[in-house]
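*Asks:* Dropping a structure here in structure tokens format, bear with me for questions.
What follows is calculated from the coordinates using simple rules that are stated; it is not laboratory data. Model, not experiment: these values are computed from the prediction. As a convention, Cβ positions derive from the backbone with ideal geometry for all residues, glycine included, and neighbour counts pool all protein chains shown.
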Amino acid sequence: MKIMIRSLALSLVLSGGAMAQDKYVVALDGTFAPHAMPTMDGGVEGFNVDLANTIGERLGTEMEIVATQFSGILPGLQAGTYDFVVAPTTITEERAANYLFSEGYLNTDFQFVVKADADDISDLEGFKGKVIAVNKGSVYDSWARGLTDEIGWTVESYGTATDAVQAVLSGRADATVAGNTVMAWAAKQTPGVKLSYLYSTGLVWGMPFRKGDEELRAKVEAVIECMKLDGTMAELHKKWFGIDPAEGSAAVTPRAGWGEPGFDGYVEDDHTPGCE
């Protein structure tokens, strides 16, 4: 499989008339568990670390992974410090106007967590009258507060997402909500809680490149597409989040063309996503 992917990457490079690089410098936030987090030996591990290393292996290229604060990653890409970004980055209209994105590889949704013995909840209305713990100042905090009158829940803010999970465990809150992959990790690591309702945002995470780097994007995206089809992306999903990706989700569904359909920078063509 790796040989076929490398052949594809090589054909893309040759068709563009460029020489393959021996190394790519890529960036991520090293404190965003379980996507990237410090190890005891001073390194970094996580879903996006494994993803970046797999891309490098299949392209036959060294990947130098730089762990830094997210706030400096996109400016660093623009300045040429990084070849592309492997940190989870939500594809938005504003970002797509300034950066070239790969197709999405994970959905970024809002996931609720409740006590393990709590009743199952299948929609937002099921949280009426309940106390929802959130990480203070997060997007989930403002989102939940904006729905207080509509849903009829009470929102309480905590200093960290971990504190919000502990509030559920202790019974001070009925549920907490945050990003789906972070909550999956929390549920996996915390006995006594379980995943509950998943609120779909319709947004996905992709890999940003500089405008004009369509050839590099195509090389990397070809690997991402194959990882979706050969089950590698699903294996990483299960390893780090403790659950299988949903049918039809970005983790298992290659997109036609290059980039994420519906956003600036998307290129429609007749290539068939695959491993050959």
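*Asks:* Once you have the Kirkwood Rh of the range 207-261 from its Cα pairs, apply Stokes-Einstein at 4 °C and 1.567 mPa s and quote D in µm²/s.
*Replies:* On the way: Rh = 12.1 Å.
It diffuses with D of about 107 µm²/s by this estimate.
*Asks:* Excluding Pro254 itself, what net charge comes from residues whose Cβ is under 12 Å from its Cβ, given Lys and Arg +1 and Asp and Glu -1?
*Replies:* Working: positive: Lys228, Arg255; negative: Glu103, Glu221, Glu225, Asp230, Glu260.
Net charge around Pro254: -3.
*Asks:* With a point put 7 Å past each Cα toward its Cβ, work out how far Val66 is from Asp244 in nm, to one decimal.
*Replies:* With each label placed 7 Å out from Cα toward Cβ, I get 4.0 nm.
*Asks:* Lys and Arg at +1, Asp and Glu at -1: add these up for the other residues within a Cβ distance under 12 Å of Lys136 and post the number.
*Replies:* Working: positive: Arg145; negative: Asp141, Glu156, Asp163.
The answer is -2.
*Asks:* With charges set only on the Cβ (+1 for Lys and Arg, -1 for Asp and Glu), what does the dipole of the chain come to about its Cα centre, in debye to the nearest 20? Working shown, then result.
*Replies:* Values: 21 positive and 39 negative charges, 117 e Å.
With Lys and Arg at +1 and Asp and Glu at -1, about 560 debye.
*Asks:* Still on this structure, please answer the following. Please give the calculated 222 nm ellipticity per residue for the chain, where each DSSP H segment of at least 4 residues contributes -39500 (n - 2.57) and the sum is spread over every residue; nearest 500 deg cm²/dmol?
*Replies:* Working: 10 runs with 97 residues, N = 276.
After summing the helix terms and dividing by the residues of the chain, the value is -10000 deg cm²/dmol.
*Asks:* Let me ask you something else. Work through the residues other than Phe110 whose Cβ is under 14 Å from its Cβ and net out their charges, Lys, Arg +1 and Asp, Glu -1. If you can, show how the numbers build up before the last one.
*Replies:* Details: positive: Arg145; negative: Asp109, Asp123, Asp141.
With Lys, Arg at +1 and Asp, Glu at -1, the neighbours total -2.
*Asks:* A follow-up question, please. For a Förster distance of 25 Å, can you work out the FRET efficiency between the beta-carbons of Thr154 and Lys194, rounded to the nearest 0.05? If you can, show how the numbers build up before the last one.
*Replies:* Values: r = 21 Å, r/R0 = 0.85.
Computed FRET efficiency for Thr154 and Lys194 comes out at 0.75.
*Asks:* Oh, and also: If one puts a single equal scatterer on every Cα of the range 129-276 and applies the Debye formula without solvent, what log₁₀ I(q)/I(0) results at q = 0.10, 0.12, 0.17 Å⁻¹?
*Replies:* -0.48, -0.66, -0.99
*Asks:* How much FRET efficiency would the formula 1/(1 + (r/R0)^6) give for Leu169 and Leu147, where r is the Cβ-Cβ distance and R0 is 35 Å, rounded to 0.05? Show your work: numbers first, answer last.
*Replies:* Working: r = 24 Å, r/R0 = 0.68.
Computed FRET efficiency for Leu169 and Leu147: 0.90.
*Asks:* May I pose another question? Run the reach check for Lys130 against lysines, Cα to Cα strictly under 21 Å, same-chain hits fewer than 8 apart removed. What comes back?
*Replies:* In chain and number order, the partners are Lys115, Lys194.
*Asks:* Provide, as a two-decimal number, the C-alpha radius of gyration of the chain over 2.2 N^0.38 Å, N being how many residues it has. Don't skip to the answer; put the middle values down first.
*Replies:* Values: Rg = 19.6 Å, N = 276, 2.2 N^0.38 = 18.6 Å.
Normalised by 2.2 N^0.38 Å, the Cα Rg of the chain equals 1.05.
*Asks:* So, one more: Using a Förster distance of 41 Å, how high is the FRET efficiency between Met40 and Glu94, based on the Cβ-Cβ distance and rounded to 0.05? Spell out each step's value before the answer.
*Replies:* Numbers: r = 38 Å, r/R0 = 0.93.
So, using R0 = 41 Å, E works out to roughly 0.60.
*Asks:* Here's a follow-up. Is the C-alpha gyration tensor of the range 59-124 telling us rounded, prolate or oblate? Criteria: a/c under 1.5 is rounded; beyond that, a/b larger than b/c is prolate, otherwise oblate.
*Replies:* Values: a/c = 2.68, a/b = 2.11, b/c = 1.27.
Since a/c reaches 1.5 and a/b is larger than b/c, the shape of the range 59-124 is classed as prolate.
*Asks:* Separate question: HN-Hα J couplings of the range 178-195 from phi, Karplus 6.51/-1.76/1.60, θ = phi - 60°, integer Hz, Gly and Pro as x?
*Replies:* 3J(HN,Hα) across the range 178-195, in whole Hz: 7, x, 4, 6, 5, 5, 4, 5, 4, 5, 5, 8, 10, x, x, 10, 8, 6.
*Asks:* State, to one decimal in nm², a quarter of the convex hull surface area for the C-alpha atoms of the range 110-199, i.e. the direction-averaged projected area.
*Replies:* Convex hull of Cα atoms, orientation-averaged projection: 4.8 nm².
*Asks:* On a full-extension model of 0.36 nm per residue, what is the gain between Lys211 and Ala234, subtracting their alpha-carbon distance, rounded to one decimal in nm?
*Replies:* On the way: separation 23, 0.36 × 23 = 8.28 nm, distance 2.93 nm.
This chain segment gains 5.3 nm when fully extended.
*Asks:* Starting from the Cα of Gln78, step 7 Å toward the Cβ, then list every residue of the range 258-276 with an amide N under 12 Å from that point.
*Replies:* none
*Asks:* Output the 0 to 90 degree angle, nearest 10, between the alpha-carbon long axis of helix 214-229 and the longest principal axis computed from the alpha carbons of the chain.
*Replies:* The answer is roughly 60 degrees.
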